[in-house]
Amino acid sequence: MSVALKLFHQYGFHATGIDKILAESGVAKNTLYRHFKSKDELILASLRKQDEEFRNWLMREVESRHNAIERLLAVFDVYEEWSRTPAFFGCMFINASAEFSSADSPIHAFCKEHKRLVTRYIQDLANNANIFASERLATYWILLLDGAVISTQVSNNSRSFQQAKAVAKKLLQSDVPSSDYL
């Protein structure tokens, strides 16, 4: 599944055929279909693996910071670190939800769940930092993070995450998190 995950992430889901996955992995077609009934099942399994690995890594990196506000802002640093790796091809979940845009698609639904789980983690960080409107702040964080991911991927803006972090700091210093902008 690691080979499929890498290929899906690098080339996209529709552009990556089963034959390419089989050729690069050395797995027989019968073996693949014994584990996954369809390409969509393989995609879902790959997304589940990516979700678990990414969120565990994010939490491990963020939790190493000293205080609650540092942890909340460190999310931008961790995303920036990820964006500088050779394995960065944008957010796999944004990409998958674009390729599987129907709201009733199980793939799209899982991508939505991934974003909900990351948002919930950021909300927990905000709660730990005694941010009153933690849910609203988490929504803003996700908007800033996803925008920075796309800016980095599409425009090669190497400063996207630091720019997003600067906006996040301004939000923390203002009353925006507790106001009713959403």
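In the stretch 144-157, what residues are polar (S, T, N, Q) and open to solvent by less than 50 Å² (accessible area, probe 1.4 Å)?
Across the stretch 144-157, the qualifying residues are 151, 152, 157.
Is it the case that the stretch 103-124 has a residue that's hydrophobic (A, V, I, L, M, F, W, C) and closer than 19 Å to residue 166 by Cα?
Scanning the stretch 103-124, I find at least one residue that is hydrophobic (A, V, I, L, M, F, W, C) and closer than 19 Å to residue 166 by Cα, so the answer is yes.
Looking at the stretch 111-143 only, could you name the residues that are at negative phi, surrounded by fewer than 20 Cβ atoms within 10 Å (Cβ to Cβ) and not in a helix (DSSP H, G or I)?
129, 132, 133
Residue under question is residue 63, and the condition is that it be free of Cβ contacts under 8 Å to residues at least 40 places away in the same chain and under 23 Å from the mean Cα position of the chain (by Cα); does it hold? Outline the logic, then answer.
On the way: free of Cβ contacts under 8 Å to residues at least 40 places away in the same chain: yes; under 23 Å from the mean Cα position of the chain (by Cα): yes.
Judged against the criteria, residue 63 is a match.
Give the stretch 89-110 a look and list any residue that's open to solvent by 30 Å² or more (accessible area, probe 1.4 Å), farther than 30 Å from residue 173 by Cα and either at pLDDT below 95 or not polar (S, T, N, Q) (or both), or say none.
Scanning the stretch 89-110 gives 89, 98, 99, 103, 104, 106, 108, 109, 110.
If you go through the stretch 98-110 one residue at a time, how many are part of a helix (DSSP H, G or I) and farther than 17 Å from residue 45 by Cβ?
Of the residues in that region, 1 qualify.
The values are calculated or read from the model by the stated rules, or taken from the named source; none is laboratory data. Everything numeric in this text was worked out from a predicted model, so none of it was measured. When we count neighbours, we look across all protein chains shown, and the Cβ atoms used for this are built from the backbone with ideal geometry, even at glycine. The area values use the complete protein model at the heavy-atom level, side chains included, leaving out ligands, DNA and RNA. Shrake-Rupley method; radii C 1.70, N 1.55, O 1.52, S 1.80 Å.
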